[in-house]
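In what follows, a single structure is set out as structure tokens and then discussed.
The values are calculated or read from the model by the stated rules, or taken from the named source; none is laboratory data. All values reported here derive from a predicted model rather than from experimental measurement. Cβ atoms come from the backbone with ideal geometry, glycine included; neighbour counts cover every protein chain shown. Just the protein is used for accessible areas: all its heavy atoms, side chains included, with ligands, DNA and RNA removed. Shrake-Rupley method; radii C 1.70, N 1.55, O 1.52, S 1.80 Å.
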Amino acid sequence: MAEREGHVMATQRSGIGAPLKRKELERFIQGAGTYTDDVQLPSQAYAAFVRSFHPHAKITGVDVAAARALPGVLGVFTAADWNGVIGAKGPWPLVTDEAHHVGESIAVAVAESRAAAEDAASAVVVQYEELPFVLDPEVAMRPDAPRVMSDMESNVVREMHIASDDIDRVFAQADHVIKARLRTQRLQACPIEPRAAVASYDHSTGEATVWTTSVGVHGFRNRVAQILGVPDMKVRVIAPDVGGSFGAKNGNALEEVVLAPLARHLQRPVKWTETRTEHLALARQGRDQLHYIELAARSDGRVLGLRDHFVADIGATNGMDNSVTAAFLYLTGAYDIGAYQADAYAVATNKTAHGSVRGIGKADAAYVIERMMDIVARELGMDPAEIRLKNFVPAEAFPFKTPTGAVLDSGRYGECLQRAMELAGYDQLRREQPALQTRPALRRGIGVSFAIEPTGAARRGVGGGYGTCRLKMELSGVVSAYPAGGQQGQGHSTTVSQIVADRLGISPEMVYVLGESDSVVTPYGAGPGSSRTSSTTMPAVLVAANMLRDKILRIAGHRLGVDPRDLRLEGDTIRSAERQITLREVIQIAYQDVDRLPPGEEPALEVTGYFVNPNIVYDRDEKGRRNEFSSYPYEAVVAVIDVDIETGVVEIVKYVSVHDCGTQLNPRIVATQHLGSIAQGVGYALFEETLYDDEGQLLTGTFMDYLLPTANEIPLLVLDHMETPTPFTPLGAKGAGETGTISVPCALGNAIEDALGIELRQPPYTPEKVLAALESTRIGSPAVWETPV
């Protein structure tokens, strides 16, 4: 290994930076993965849930008699059974007196089969007293609006405000103030595997085991232990193979929480697997922010200030999620905008609760600033690439502190965008564009975007700022690795094995990584959400690997009478210039012949490494500023589209992406993560939207209505990568999981407006919306809204 500028750099074909295939790939391709729904236990029963039909209603009665009498039904349980019959501690996790959105869980039926459980749930009769409801977040903010929950004083769950001292002066003196109203749509994560859980209880030991699709095993174990009234060590939580998450499985569903008490009460295992309709109706929903934004600019295109008033629809909850803070802190994006004001409102409505979906909050921020840069460029008669290059944070300014307190770690923004323009043939595309606008039905559009992706979030009382990894060299010489956090399809096992192998001078095949999360053996640490693994867990793996290497060398050096600094690890041998010892001899000393250990050296070859990311500021200053994320990958995109003005269909002709996530620990995995991210972004840009009717009923409860892209809709992509290491971790790597998703709605929205000269300010850009926009306001028309007070 070599080291450059404080970062570990690759020198081996199989170590850090090598494009190895994912270890688990063959197993998955052969259909040999083990997911939660694959867990089949003897005498296993099945749970199904009784759900509200109303967006807001008081529950006046629950009649379970008919359901309990059905064949194969083992029990139907309500809030009245929780503490007495079931023997659980604390409040009933499901609805007790009042339902706040369609689909909210009220009761649970358990039966011999899944079909019987669903029949029993359908047979439960719930008496409701319908209550007023509200679906529009701006309406919900009014003092006279119906309360989403009857005991709420206001539907505004939280508001946040920040302003630079000179914001009014900057806007007063600006040559131009450009306004826009921009909205992101409500959407779903839609992992290929829905949520699921299986719980069993051993009465002879008083121990519960729960299999779950969530990788947050330690927090879930604590919650289950509290409900069962047992010590944490009496609960084991396992997250086997996870078929994707994209935020939907960060944390546990309420339905999962009730299974262990039911298993104890019924004396048999209980499984719940979410249907796709349940997922679309009830899994956390994302995006759905409405922004009234203004930029102050000089006539030469320099953006001086940003003002934004935005409302986030957080659904039926009285607790704000992270989407508001992320958008609030990162609206300036990749640009050096000195004056800043934001007023943010998290507003409850009678919809399913909001939560983590790939790009939470940061996607909203990127969408708003990237659409605005094009709007300003058009207003000033500038090229959209030119205005970005004029306003980027310069490479020499990093680490760069924004007006919100965010500390952007590293970047070569201008170089990245210019590389994308070069790969796309941007100048030639612009020269050809006028002639292509004369075709009978097709119009050519060129869109540019440049999105940053804040990764590695950490918050007080929540965690996320450090990673952990335990390594053990076994008697055979194989290294067992137990990283914190688990994985959800990202290929972390391969990358962990590369880092360990690199530092120990062995093959990655000699490193066995526990891919599943298991509360018995997996150490506590940050989970994989927020694309944080590269900036927390992987540095912890490096720390642990260095600790293990150093211990091996100390033992070998003591035995050989050589300074450990003069030794090197080469496979199964430790060598100096003149002497050598086998790794097997060192292992024997560490575990058996402990009298030969160096003085003060502990036995065994087992270590635990921790890494605390230093680029986090947990507490806001007096102006509300802080740095919530640890690293900032970014992506430049040039998208070329054709729009059929007769049908409204948008076709992606070319999509060029240049991505920089710092050091690529495994370029093959980075590329596949980025490809998948872009594919999901195509769905968000062109197809996906969660819709409710005026009665609060979900309109998009199946994939017939909630449309996903297929392989046919994913264009041929031109990808390139730069590597600008972050200075805050020893590996220099940043997250790589969300940038592609974030960029697509920005780039395609800009391209459509470029092609048609219309205003289309909310994805998805469906044919219906394109045609409607063609019939309505043209760019340059007076604004038809005012910023709310």
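Just to confirm my filter: which helices (runs of 4 or more DSSP H) fall fully inside segment 250-310 and include at least 2 residues that are crowded, with 23+ Cβ neighbours inside 10 Å? First the steps, then the outcome.
Numbers: elements: 254-257, 259-266, 276-282.
Result: 259-266, 276-282.
Looking at this structure, is ILE616 in contact (Cβ under 8 Å) with a residue 24 or more places away in the chain, under 25 Å from MET421 (Cα atoms) and open to solvent by less than 40 Å² (accessible area, probe 1.4 Å)? Against the criterion (in contact (Cβ under 8 Å) with a residue 24 or more places away in the chain, under 25 Å from MET421 (Cα atoms) and open to solvent by less than 40 Å² (accessible area, probe 1.4 Å)), ILE616 does not qualify.
Look through segment 311-325, keep the residues that are among the polar types (S, T, N, Q) and either free of Cβ contacts under 8 Å to residues at least 40 places away in the same chain or in contact with a Gly (Cβ under 9 Å, 6 or more places away or on another chain) (or both), and return whichever of them is surrounded by the most Cβ atoms within 10 Å (Cβ to Cβ). Of everything passing the filter in segment 311-325, SER323 is surrounded by the most Cβ atoms within 10 Å (Cβ to Cβ). Restricting attention to segment 722-765, the residues that are free of Cβ contacts under 8 Å to residues at least 24 places away in the same chain and open to solvent by less than 10 Å² (accessible area, probe 1.4 Å) total 1.
Mind checking whether some residue in segment 538-550 is part of a helix (DSSP H, G or I), over 30 Å from ARG459 (Cα atoms) and open to solvent by 50 Å² or more (accessible area, probe 1.4 Å)?
Yes, segment 538-550 has at least one match.
Considering segment 109-208, the qualifying helices (runs of 4 or more DSSP H), each wholly inside and each with 2 or more residues that are farther than 29 Å from LEU70 by Cβ, modelled with pLDDT of 95 or more and open to solvent by less than 20 Å² (accessible area, probe 1.4 Å), run over 137-140, 167-173. For SER410, are the conditions met, namely being at pLDDT below 95, over 30 Å from ASP644 (Cβ atoms) and either of a type in the set (S, T, N, Q) or assigned to a helix (DSSP H, G or I) (or both)? No, not satisfied.
Considering only segment 333-347, I want to know if a residue exists there that is modelled with pLDDT under 95, aliphatic (A, V, I, L, M) and not in a helix (DSSP H, G or I). Checking segment 333-347: not a single residue is modelled with pLDDT under 95, aliphatic (A, V, I, L, M) and not in a helix (DSSP H, G or I).
Could you pull out the residue among ASP364, ASP336 that is within 17 Å of ALA451 (Cβ to Cβ) and more than 23 Å from the chain's Cα centre (by Cα)?
Numbers: ASP364 fails: more than 23 Å from the chain's Cα centre (by Cα).
Going through ASP364, ASP336 in turn, the sole match is ASP336.
Looking only at segment 348-381, count every residue that is open to solvent by less than 10 Å² (accessible area, probe 1.4 Å), out of contact with any Asp or Glu (no Cβ under 9 Å at 6 or more places or on another chain) and part of a loop (DSSP other than H, G, I, E, B) and tell me the total. Counting residues in segment 348-381 that are open to solvent by less than 10 Å² (accessible area, probe 1.4 Å), out of contact with any Asp or Glu (no Cβ under 9 Å at 6 or more places or on another chain) and part of a loop (DSSP other than H, G, I, E, B) gives 2.
Could you check segment 551-575 and list, in sequence order, the residues that are in contact (Cβ under 8 Å) with a residue 24 or more places away in the chain, within 23 Å of LEU731 (Cβ to Cβ) and assigned to a helix (DSSP H, G or I)? Once the filter is applied, which keeps residues that are in contact (Cβ under 8 Å) with a residue 24 or more places away in the chain, within 23 Å of LEU731 (Cβ to Cβ) and assigned to a helix (DSSP H, G or I), segment 551-575 yields LYS551, ILE552. In segment 688-701, what residues are under 20 Å from the mean Cα position of the chain (by Cα) and not charged (D, E, K, R)? The answer is THR690, and nothing else. The set of residues in segment 583-637 that are β-branched (Val, Ile, Thr) and either part of a loop (DSSP other than H, G, I, E, B) or out of contact with any helix residue (DSSP H, G or I) (no Cβ under 6 Å at 6 or more places or on another chain) (or both) comprises ILE587, VAL594, THR608, VAL612, ILE616, VAL617.
Looking only at residues in segment 641-662 that are in contact with a Lys or Arg (Cβ under 8 Å, 6 or more places away or on another chain) and crowded, with 24+ Cβ neighbours inside 10 Å, the one that is farthest from VAL393 (Cα to Cα) is VAL643. Among residues of segment 638-675 being of a type in the set (Ser, Thr, Tyr) and part of a strand (DSSP E or B), the one that is farthest from ALA441 (Cα to Cα) is SER657.
Can you spot a residue in segment 53-71 that is touching a Lys or Arg at 6+ places or on another chain (Cβ under 9 Å), over 30 Å from GLU159 (Cα atoms), open to solvent by 40 Å² or more (accessible area, probe 1.4 Å) and not β-branched (Val, Ile, Thr)? No, that holds for no residue. Cβ-Cβ distances below 7 Å connect the following pairs, each with a first residue in segment 41-67 that is within 22 Å of ALA145 (Cα to Cα) and in contact (Cβ under 8 Å) with a residue 12 or more places away in the chain, a second residue that is in a strand (DSSP E or B) and open to solvent by 60 Å² or more (accessible area, probe 1.4 Å), and a separation of six or more residues or different chains: HIS54/GLU130; ALA57/GLU129; ALA57/GLU130; LYS58/GLU129.
Scanning segment 138-163 for residues that are farther than 29 Å from GLU759 by Cβ and of a type in the set (Gly, Ala, Ser) yields SER150, SER154. Among residues that are β-branched (Val, Ile, Thr) and within 30 Å of THR537 (Cβ to Cβ), ILE758 is not included. Evaluate the following for ARG584: is it modelled with pLDDT of 95 or more and basic (Lys, Arg)? Yes: the conditions hold for ARG584.
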